[in-house]
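Inspection log for the structure reproduced underneath, given as structure tokens.
The values are calculated or read from the model by the stated rules, or taken from the named source; none is laboratory data. If you're wondering where the values come from, they're calculated on a predicted model, not measured in any experiment. Positions of Cβ are backbone-derived with ideal geometry, glycine not excepted, and every protein chain shown enters the neighbour counts. All accessible areas refer to the heavy atoms of the entire protein, side chains included, with ligands and DNA or RNA removed. Shrake-Rupley method; radii C 1.70, N 1.55, O 1.52, S 1.80 Å.
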Amino acid sequence: MIKIIPGATGSGKTKKLIDAANRDAESAKGVSAFITDTKRYMYDLNRAVRFIDVTDYNIAGEDALCGFVKGIAAGNHDYEYMYIDGIARIAGKKLSEMAGIFYMLEKLSADNDMVITITCSCPAEELPEFIAKYA
């Protein structure tokens, strides 16, 4: 399952994502990962949530992000939750140009029985159709 947290820049999307990760960590039977491109929120997360800053791995672009996320899932089949903060910022693309990664994430989520929650810097009513269906 994919969940979207939409909103304009500065509207509190990351705080909602962190709160969801911490809440889910308390009852999770599997592993959780929080993927972002800054260390700013490292200490806000429950220590049971694996914090991953993509800048530590030189991840840039949609293809690199796709491969990175697949690699995380392949490295440990116990992932139950994955949180991605600022997917468009990490991929360096506009949301409207990211249909491929969302289809990949949908398949990854279904194949691995994983919940993937993503923040999107865009008002809900302006989300592209391929993303809006998850909101």
**Request:** Filter the stretch 2-22 down to the residues that are on the phi > 0 side of the Ramachandran plot and part of a loop (DSSP other than H, G, I, E, B), then identify the one that is least open to solvent (accessible area, probe 1.4 Å).
**Result:** 12
**Asked** Within the set of pairs 6 or more residues apart or between chains, which connect a residue that is acidic (Asp, Glu) and part of a loop (DSSP other than H, G, I, E, B) inside the stretch 75-89 to a residue that is open to solvent by less than 30 Å² (accessible area, probe 1.4 Å) and modelled with pLDDT of 95 or more with Cβ atoms less than 6 Å apart?
**Response** 85/14; 85/17; 85/36; 85/119
**Request:** Report, ordered by the first and then the second residue, all pairs with beta carbons closer than 9 Å, sequence separation of six or more or different chains, a first member in the stretch 113-135 that is under 19 Å from residue 34 (Cβ atoms), and a second member that is of a type in the set (S, T, N, Q) and open to solvent by less than 30 Å² (accessible area, probe 1.4 Å).
**Result:** 115/109; 116/109; 119/14
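Does residue 40 meet the test of being within 18 Å of residue 19 (Cα to Cα) and either open to solvent by 80 Å² or more (accessible area, probe 1.4 Å) or assigned to a helix (DSSP H, G or I) (or both)? Outline the logic, then answer.
Details: within 18 Å of residue 19 (Cα to Cα): yes; either open to solvent by 80 Å² or more (accessible area, probe 1.4 Å) or assigned to a helix (DSSP H, G or I) (or both): yes.
Considered against the rule, which asks whether it is within 18 Å of residue 19 (Cα to Cα) and either open to solvent by 80 Å² or more (accessible area, probe 1.4 Å) or assigned to a helix (DSSP H, G or I) (or both), residue 40 comes out as yes.
Any residue in the stretch 44-63 that is out of contact with any His (no Cβ under 8 Å at 6 or more places or on another chain), assigned to a helix (DSSP H, G or I), among the hydroxyl-bearing types (Ser, Thr, Tyr) and surrounded by fewer than 14 Cβ atoms within 10 Å (Cβ to Cβ)?
Quick first cut of the stretch 44-63, residues out of contact with any His (no Cβ under 8 Å at 6 or more places or on another chain) only: 44-63.
Subsequent filtering for residues that are assigned to a helix (DSSP H, G or I) retains 44, 54-57, 62-63.
Cutting the leftovers down to among the hydroxyl-bearing types (Ser, Thr, Tyr) gives us 55, 57.
Keeping just the survivors that are surrounded by fewer than 14 Cβ atoms within 10 Å (Cβ to Cβ) gives 55, 57.
Checking the stretch 44-63: at least one residue is out of contact with any His (no Cβ under 8 Å at 6 or more places or on another chain), assigned to a helix (DSSP H, G or I), among the hydroxyl-bearing types (Ser, Thr, Tyr) and surrounded by fewer than 14 Cβ atoms within 10 Å (Cβ to Cβ).
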**Message:** Just to be sure I understand the filter: pairs with C-beta atoms under 7 Å, separated by 6 or more residues or on different chains, first member in the stretch 49-63 and on the phi < 0 side of the Ramachandran plot, second member of a type in the set (Lys, Arg). Which pairs pass?
**Reply:** 53/39; 62/93
